[in-house]
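Report on the following structure.
The values are calculated or read from the model by the stated rules, or taken from the named source; none is laboratory data. Everything numeric here is computed off the predicted structure, so don't read it as measured data. For neighbour counting, all protein chains shown are included, and Cβ atoms are generated from backbone atoms with ideal geometry for every residue, glycine included. These area figures cover heavy atoms from the full protein model, side chains too; ligands, DNA and RNA do not enter into them. Shrake-Rupley method; radii C 1.70, N 1.55, O 1.52, S 1.80 Å.
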Amino acid sequence: IGKRLMATVAAATAVLLAACGGGDDASLPSAESMCGSMGLQPKVLNGANCGAPERSPVILLNVATSSGTAVCSGTLITPTKILTAAHCLPGGTRRVLAGLWRGDGTVVGVPASRWAVHPQYQRSTNALLNDAAVIVLQQALPNPTMPVLVSQPSSPGQPIYVAGWGAPGFDLAVGFATLTTVNETSIGYTYSGELSNTCSGDSGGPAYRTVGGQPALIGITSSGTVADCGKGDGSLFTNVQGPSVINFIRSQAPEAAYI
């Protein structure tokens, strides 16, 4: 557990910089298809990293705690509210900045005014339960938002997209996987070495499906069992459709889109 915990970075390195497991197995969708699931294009030809982060709902978070500075990911669900993992905001969190990219590639940090962690967040033997939090920003981001999918339950065998700002590339990327685990608290899969996987720094980012041509959030990147995110890793995401988590999200962001 805890492999997805924030990737620590030196405070001097940018307010923000960091990506997700894109994978390059032949059975993956094309990079154009994966980035296109969020309305983006690949950053490089035949790459899995996506360009134009200013047009993405997946937000890079820089979190300052009593022990240093770290990176997480999150999903913009309203112009001022970001859904992320509770473990990204440990006790002693002092400051949270959200990355605001401009078209010229420069980035600034937008401060959070407050954040709320699920009141029943806890660690169990096999998972991080209720691993969800909502960050409220001091100003709105111009990025598109992502709705929360509540009308279509997740089930084993469903293909999903994952996205984040974590290892190994530390750049915005989108991956593809197939669910094998679904219960009230978590969804996930065991990484076989094919398709894609999440890793450090992807914590708090989305697992999502496309519905009617748009991405719709079904999970929050939470934990894993293999330190290097390699073959055999049991990747788990908080199930946002579970009663406890969806009620928490609705209480913190009633104005978000629920489809």
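Descriptive notes on the structure:
- Residue list for segment 86-126, filter: open to solvent by 80 Å² or more (accessible area, probe 1.4 Å), part of a loop (DSSP other than H, G, I, E, B) and at pLDDT 95 or above: Arg94, Pro119, Gln120
- Matching residues, segment 195-225, being more than 24 Å from Gly39 (Cα to Cα) and open to solvent by 50 Å² or more (accessible area, probe 1.4 Å): Thr225
- Of the criteria (1) open to solvent by 40 Å² or more (accessible area, probe 1.4 Å); (2) modelled with pLDDT of 95 or more, which one Asn46 fails: (2)
- Residue within segment 39-55 that is in contact with a Cys (Cβ under 7 Å, 6 or more places away or on another chain), within 30 Å of Gly242 (Cα to Cα) and assigned to a loop (DSSP other than H, G, I, E, B) present: yes
- Candidate set: segment 226-245, residues that are of a type in the set (A, V, I, L, M, F, W, C) and modelled with pLDDT of 95 or more; chosen: the one most open to solvent (accessible area, probe 1.4 Å): Leu236
- Single residue of Thr185, Thr221, Thr198, Thr181 found to be under 27 Å from Val117 (Cα atoms) and at pLDDT below 95: Thr198
- Segments classed as strands (runs of 3 or more DSSP E), wholly inside segment 135-236, with at least 1 members that are under 13 Å from the mean Cα position of the chain (by Cα): 159-164, 173-178, 206-211, 214-223
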